[in-house]
1. Based on what the data block shows, is residue B:329 closer than 28 Å to residue B:52 by Cβ, surrounded by fewer than 24 Cβ atoms within 10 Å (Cβ to Cβ), in contact with a helix residue (DSSP H, G or I) (Cβ under 6 Å, 6 or more places away or on another chain) and not assigned by TED's automatic domain parsing to the domain that holds residue B:12?
2. Can you confirm whether the stretch A:295-308 contains a residue that is within 17 Å of residue A:183 (Cβ to Cβ), modelled with pLDDT of 95 or more and touching a helix residue (DSSP H, G or I) at 6+ places or on another chain (Cβ under 6 Å)?
3. Of the conditions (1) assigned by TED's automatic domain parsing to the domain that holds residue B:15; (2) surrounded by fewer than 20 Cβ atoms within 10 Å (Cβ to Cβ); (3) in contact with a helix residue (DSSP H, G or I) (Cβ under 8 Å, 6 or more places away or on another chain), residue B:160 clears all except one; give me its number.
4. From B:232, B:236, grab the single residue that is farther than 26 Å from residue B:54 by Cα, more than 8 Å from chain A (Cβ to nearest Cβ) and touching a helix residue (DSSP H, G or I) at 6+ places or on another chain (Cβ under 6 Å).
5. Across the stretch B:84-112, what is the total count of residues that are part of a loop (DSSP other than H, G, I, E, B) and more than 17 Å from residue B:37 (Cα to Cα)?
6. Restricting attention to the stretch A:268-288, does a residue exist that is within 17 Å of residue A:216 (Cβ to Cβ), over 17 Å from the mean Cα position of the chain (by Cα) and touching a residue at least 40 places away in the same chain (Cβ under 8 Å)?
7. Exactly one of (1) touching a residue at least 60 places away in the same chain (Cβ under 8 Å); (2) more than 12 Å from chain A (Cβ to nearest Cβ) is unmet by residue B:35. Its number?
8. Residues in the stretch B:179-199: is at least one free of Cβ contacts under 8 Å to residues at least 24 places away in the same chain, part of a loop (DSSP other than H, G, I, E, B) and in the same structural domain as residue B:304 (by TED's automatic domain parsing)?
């Protein structure tokens, strides 16, 4: 296992310590937890936003904690949901009395544990709402999911709901706009290589030397098709076509696009992917309002990418354009 | 070769097209060249900053074109210096009459071609100055270099010289502060895996399954030592010790730190590295003013990292803190 780590059992805690040491102007760690919060949490008069999930998807979600995005992020063990008590700690640390929105990727363990945490918080009088992101159009139902999986589109939910909360909106309003993003964002990914969970020490599955997998999930869950290695243009066409088919855009729609690397795909290749994505969208008379290219929702060191498209309206554009100042996302 | 590309001979042009399509608010491509410039270049009353080199180091250097950093970046073929005429195109596109500073990483081909471009520009009456970045303390002289190699510390030269130029400083003043950064920044890297130049189709060298190489260059140039796989703490100690030994900091010095991923190293591992780096610096009573963790100067999909330390004074701190707004770096 070729990794820059010390003890495989300590990777999450050591990562969190190194993260807080790098970004003390943005974040602090809630003592004796795996919870990262804004340095100024709880922010008075503002709804708190909490997300999280298994580690291994960095910069998700701790990298998005800061002004205009998340108030707190809970890090589970690698590819493992955080426990309800950890999520509860995050809720308590960010609630200013105005309530807390949980942004949950649709994996059975995450949904269950975040819901249990919500119940714990509500029993202590904290208002909690939750939204479930299920942007991955590759498959219905999967290894760890009933229904669609949540992947990189989640970061756009953080951005837009975070901007709404920063404006002083109520919990119901923030929840509403988060659901609006969820209804309008679709993603799909593919992988060239597997990845290795440190405590396992070897890849959880294999992909042949001349193969790739279309529609693979961010934990290596099966996709739609194992194929020979296709060109970037062919891959972009397959992923974007499926996303657009599901999104049903009208001509002249405005969209935000995210080309997301899964961990070891060079930026060069993501931009080559974006070259085809932007050509296809322009060819269909769809207006690209903004494009994000980089690593937002990774799978440890998996090679591959995902493409997300968010249909925008005036409200979403205003919130997308609002200031955000976090370790991994600034506007 | 597992890459998301189309034609290996077209990767640079397709990357540049996809890059400009993603970031039209920041950059444009000078027609029929591999030159990226600020969308508003040449900026009147401002010294122009140009950097560049072989491709494969993304986001360097195009990702740093924008307000407060570079005015232009020239992309050579992968791991190949751009030709003098391309650099000359960049100089012409960014000169507002106040002169142009070339920021060159110390590789023989780059130095030669940027110098030839400077002569071409001067013969047309454009004032040109140049600085050569040689921050890599691993080895004196190397495969493509006489003297030390230039690596990730170059990005801090872009940041600080860019802020100085943005203030309206003269060419001599911008050159001077760039040299001040160069005199005060040191870096060193290591690799766990090789990388594959697309047109070659296979790795240019190999690193055994249980080996890593300390001090390897960003094109795979030999380092100091091929060892068994060490822990993150051991690697951080080797790299940082060599950097600090060369930098000769006094107690209570203020520094900026960059933990840079070479392409396929997960952020998780970079933060684990930073955990040890920050502990070591604090243990030596050195004040960490700011830390940057991420991919700044990559080697296609090489696994590994580099650590850079920049000794700061009040002038450098002010310039480091100044606004920067580019695709890959925002402050």
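1. So residue B:329 passes the test.
2. Yes, the stretch A:295-308 contains a residue that is within 17 Å of residue A:183 (Cβ to Cβ), modelled with pLDDT of 95 or more and touching a helix residue (DSSP H, G or I) at 6+ places or on another chain (Cβ under 6 Å).
3. (2)
4. Only one candidate passes the filter, namely B:236.
5. Selection size over the stretch B:84-112: 2.
6. yes
7. Of (1) touching a residue at least 60 places away in the same chain (Cβ under 8 Å); (2) more than 12 Å from chain A (Cβ to nearest Cβ), only one is false for residue B:35: (1).
8. Checked the stretch B:179-199: no residue is free of Cβ contacts under 8 Å to residues at least 24 places away in the same chain, part of a loop (DSSP other than H, G, I, E, B) and in the same structural domain as residue B:304 (by TED's automatic domain parsing).
The values are calculated or read from the model by the stated rules, or taken from the named source; none is laboratory data. Quick caveat, the model's predicted, so the values are computed rather than measured. Reconstructed Cβ throughout: ideal geometry from the backbone, glycine too, with neighbour counts over all protein chains shown.
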